[in-house]
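**Q** One structure coming up, written as structure tokens, with questions to follow.
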Amino acid sequence: MLLRLSPLLLLGGCAAAMPPVAVAPSAPALPAPVSPATVSPATNTAAEDARLLAFLDAKFDEQVALDPEALTSLGIKQDYDKLGDYTLAATEKQMQLAERQLAELTAGFDPARLGPAARLSYRLFQRDVERQRESYRFREYGFPVSTNGTPAGEIPVFLINQHRVDTVADAEAYVARLEDSERVMREVVERIEQQAAMGIVPPKMVFTPARADAQSILEGAPFGGGADNPLWADFQKKVAALDAPAEIKTRLLEDGHAALTGPFRRGVETLVAGIDRLEPRATGNDGAWSLPEGEAYYADRLRAYTTTDLTADQIHQIGLQQVASIRAEMEAVKREMGYSGTLEQLFGQLRTDPAYKYPNTDAGREQYLTDARTLIDTVLARSPEYFHRLPEAKLEVRAVEPFRQDTAPVAFYNRPAPDGSRPGIFYVNLADMTQVNKVQTDGIAAHEGAPGHHFQIARAQELEGLPKFRRFGGYGAYTEGWGLYSERLADEMGVYTSPEQRFGMLSLQMWRAIRLVLDTGIHSKRWSREQAIDYFRANSPNSERDIVKEVDRYINNPGQATSYMVGQLKIAELRDRARRELGPRFDIRDFHEVVLGQGPLPLNVLEEEVNRYIAAAT
């Protein structure tokens, strides 16, 4: 989905072998914590804490109200017949609201009168608005049309997976959103034309998959022959399930058919025409350095995604060190596998040997899903030894829908609805099973499902007493760092039972180390797309398809790929510190509760919380 919301919202990662990384303070620096000495132990802060919680939740509701799609994601049926505002003006409105809210916060509350948890919420809200302000100068830079997807593909996914139809009014709202998509597509075309006028044009490799992504949603009935289009099939299924008279259902289906073949289709055709007009203006596949103020833009993206002040050069060096370190681990596991060739030869065998592949059939896809579900079930059974509390939300494993396979990532997680009406979903792209590496199945399931993103994201929104912006917000390095940390944690939990599975886990770790090298290489050191692909291929068993998709993803979204390993290294460093200083008093369940029990945090704040835990347990 095109990012339209404030960074305050997140709208839908054993460490012992890794050397610690020095993570610089978050940027901008958080206000210093109030010294305990300034708050009298006898002071009762409960009333003021409650007042702040109510204030922050009201401000979150104000922010979410700007985007009907965000409301739906949270299970709220307000503005249920509308889609979001995709214009640059919407970003300005968000920034104005955030500044007004920050002014109200600082005028209405004194941190010295708050308890520790409320004081942290105050600091984080202030920090997030200041970070949003720093990034505002680059508000025109994000590509709404890329190899990562287009609104033509994303809006159908949103309607299919998040728009519930419990009543006739809900079905009418679904039709209204189909009609509203024509406006969205016009706004997106207007936006990419505004960007182009500023010299901000997507890379050349974007246009073929983006065009295919948009055009694929017009395949099938009611647009043409063949099987029902996924949107049309979804709407028919939801209407059929309604408790309503037959004549009303007939009328709804007629309205849905008209909306699809009329405004929805015109909107997609408008987007495709805009993509066609823009394509001749693309000049290459270069990184952020080629954009206006590209160096400053990339530095801002690194600060936003890593929550640190690490420079591109520092991150690049960390990446090179991690690639070397993980290669050494791979050499050891390779010997356990009984393989006598070089790592490069093993990479090649993993890419091509049928023994490491699933059949490229529906049965092969179902076997992948079964294997991933088995891994998650095993993790859940062993989790009480490693966690005090698990999320209540259910977790499902699903294959990416065929119409968005060309632009969807290899795997990803969608958060559950807070009211329980939608589970957490681990999606995996199974477009071509010849490109799926069987040894990576378990590690990917650990990262995207359990104990990874589901244990962090679903758990966060279930936390009681935290303001909504902390329950539903996020920081890239924290969230993806936890996902990457979870891949190694699953090994500690004993769910990988063969050296091949452990090699698969290491190949995923290598994947994220490569990201540090390539993201900085592309956007700061002016590496070419081909150079990046070659480096990836030389150090990873990933399939050629996945390598190309990943490199294109890094080009399209500067900085995001660095968040994974920067976050993991910090979590691993903090765990090593706690184990070392607490000795026999260290309990892995306590450490995980400190990391997960307060929702997402910038890395320097996470370090403060772990240090506080160590001091209290000493």
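Any read-out appearing in this document is the output of simple, stated calculations on the displayed coordinates, not a laboratory observation. These numbers come from a predicted model, not from an experiment. In this analysis, Cβ positions are derived from the backbone assuming ideal geometry, glycine residues included, and neighbour counts consider all displayed protein chains.
**Q** Multiply the residue separation of Phe586 and Arg137 by 0.36 nm, subtract the distance between their alpha-carbon atoms, and state the gained length in nm to one decimal.
**A** Stretched out fully, the Phe586 to Arg137 stretch lengthens by 157.1 nm.
**Q** Let me ask another. Just going by the charge dipole of the stretch 353-504, with Lys and Arg at +1 and Asp and Glu at -1 on Cβ, which of Ala431, Ile457, Gly473 is farthest out on the positive end?
**A** Towards the positive end, the residue furthest out is Gly473.
**Q** Net charge near Val439, counting Lys/Arg +1 and Asp/Glu -1 over other residues with Cβ under 14 Å of its Cβ?
**A** Within the 14 Å Cβ shell, the charges total -3.
**Q** Another question, then. In whole Å, what is the distance between the alpha-carbon centres of the stretch 46-86 and the stretch 594-618?
**A** Taking the Cα centre of each part, the stretch 46-86 and the stretch 594-618 sit 27 Å apart.
**Q** So, one more: Given (1) 24.2, 74; (2) 24.1, 78; (3) 35.0, 119, which label gives Rg and Dmax of the Cα atoms in Å as computed from the coordinates?
**A** (1)
**Q** Kindly write out, for the stretch 393-399 in residue order, the coupling ³J(HN,Hα) from the Karplus curve 6.51 cos²θ - 1.76 cosθ + 1.60 (θ = phi - 60°), rounded to whole Hz, with x marking Gly and Pro.
**A** Computed from phi, the couplings for the stretch 393-399 are 4, 6, 10, 10, 10, 9, 7 Hz.
**Q** Let me ask another. Could you tell me which of Ser540, Pro402, Ser135 has its Cα farthest along the dipole of the chain towards the positive end, charges placed at Cβ (Lys, Arg +1; Asp, Glu -1), taken about the Cα centre?
**A** With unit charges placed on the Cβ atoms, the residue in question is Ser540.
**Q** Counting alpha carbon pairs within less than 8 Å and at least 6 residues apart, what relative contact order, in whole percent, applies to the stretch 353-504?
**A** 27 percent
**Q** Which aspartates and glutamates have a Cα less than 13 Å from the Cα of Lys82, not counting those fewer than 8 places away in the same chain?
**A** The qualifying aspartates and glutamates are Asp67, Glu69, Asp170, Glu172, Glu179, Asp180, Glu182.
**Q** At what distance in angstrom do the alpha carbon centres of the stretch 237-253 and the stretch 477-491 lie from each other?
**A** Here the two parts' Cα centres lie 45 Å apart.
**Q** Report the antiparallel proportion of the DSSP beta bridges in the stretch 353-504 as a percent, rounded to a multiple of 5.
**A** Counting DSSP beta bridges with both partners in the stretch 353-504, the antiparallel share is about 45 percent.
**Q** Right, next: For the chain, what does -39500 (n - 2.57) per DSSP helix run (n ≥ 4), summed and divided by total residues, give at 222 nm, in deg cm²/dmol to the nearest 500?
**A** -18500 deg cm²/dmol
**Q** While we're looking at this one, here's another question. So in the chain, what percent of DSSP beta bridges are antiparallel if you round to the nearest 5?
**A** Antiparallel: roughly 45 percent of the beta bridges in the chain.
**Q** With the contact rule set at Cα under 8 Å and sequence spacing of 6 or more, what percent relative contact order holds for the stretch 44-141?
**A** Across the stretch 44-141, relative contact order equals 32 percent.
**Q** Something else: Cross-link list Lys549/Lys570; Lys204/Lys394; Lys59/Lys525; Lys77/Lys249; Lys93/Lys394: which exceed 31 angstrom alpha carbon to alpha carbon?
**A** Lys204/Lys394; Lys59/Lys525; Lys93/Lys394
**Q** For Lys237, which aspartates and glutamates qualify as cross-link partners when the Cα separation must be under 13 Å and same-chain residues fewer than eight apart are set aside?
**A** The qualifying aspartates and glutamates are Asp166, Asp228.
**Q** Tell me which aspartates and glutamates have Cα within less than 12 Å of Lys334's Cα, excluding those fewer than 8 residues away on the same chain?
**A** Glu344, Glu500
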